[in-house]
Amino acid sequence: MKTTARDWLKVLVLLLDEAAVVALLLLALWFFHVPIPLSVAIVLALLLGVLIFIIHRAVIPSFRARQVTGREGMIGLEGKVIEPLAPKGVVRIEGEYWRAKSVDGDIAAGENVEVVGLNKLILEVRHKGRSSKS
């Protein structure tokens, strides 16, 4: 998956709150005159930075993840025809029964279909494996 400058900018913005916490911690240590050797501070800062970066780096794929809810989450799902689509009928998708309309002709009960659209609460489906007609 290709990452862009925008993705890295999002990660850097997500890191701002961690940077603020570290800055407040260092300010508190300075205020209470707690001595920290420079070498220890550098090593801890690098380790903390790498840990935080790795955690947030795992977030980048979620920026482009396919939506799994709503209208966009239905497109591409596959199901089986329960009542023949001529052109309207019923299909079962992920255990749920939906009213559906065929976009490529009549479809018999028991055939597999793929969701290509949604019009209000009626799924628009086609035979699985066929390209949509334009």
message = Any residue that is exposed (fewer than 14 other Cβ atoms within 10 Å of the Cβ), charged (D, E, K, R) and either in a helix (DSSP H, G or I) or modelled with pLDDT of 80 or more (or both) - is there at least one of those in segment 18-35?
response = no
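This table checks each residue for (1) farther than 23 Å from ALA19 by Cβ; (2) under 32 Å from the mean Cα position of the chain (by Cα).
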site: LEU38; (1), (2): no, no
site: VAL43; (1), (2): no, no
site: LEU48; (1), (2): no, yes
site: ILE55; (1), (2): no, yes
site: ILE60; (1), (2): no, yes
site: THR69; (1), (2): yes, yes
site: ALA86; (1), (2): yes, no
site: ILE93; (1), (2): yes, yes
site: SER102; (1), (2): yes, yes
query = Taking only pairs six or more apart or across chains, which ones have beta-carbon atoms under 6 Å, a first residue in segment 17-37 that is at negative phi, and a second residue that is part of a helix (DSSP H, G or I) and of a type in the set (A, V, I, L, M)?
reply = GLU18/ILE52
Given (1) surrounded by 13 or more Cβ atoms within 10 Å (Cβ to Cβ); (2) in a helix (DSSP H, G or I), index of the condition VAL43 fails = (1)
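Can you pull out the residues in segment 70-92 that are touching a Leu at 6+ places or on another chain (Cβ under 6 Å) and either modelled with pLDDT of 95 or more or surrounded by fewer than 18 Cβ atoms within 10 Å (Cβ to Cβ) (or both)?
Passing the criteria: only ARG71.
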request  = Would you be able to say whether some residue in segment 46-56 is of a type in the set (A, V, I, L, M), in contact with a Ser or Thr (Cβ under 9 Å, 6 or more places away or on another chain), closer than 25 Å to LEU12 by Cα and free of Cβ contacts under 8 Å to residues at least 60 places away in the same chain?
outcome  = no
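The values are calculated or read from the model by the stated rules, or taken from the named source; none is laboratory data. Model, not experiment: these values are computed from the prediction. In this analysis, Cβ positions are derived from the backbone assuming ideal geometry, glycine residues included, and neighbour counts consider all displayed protein chains.
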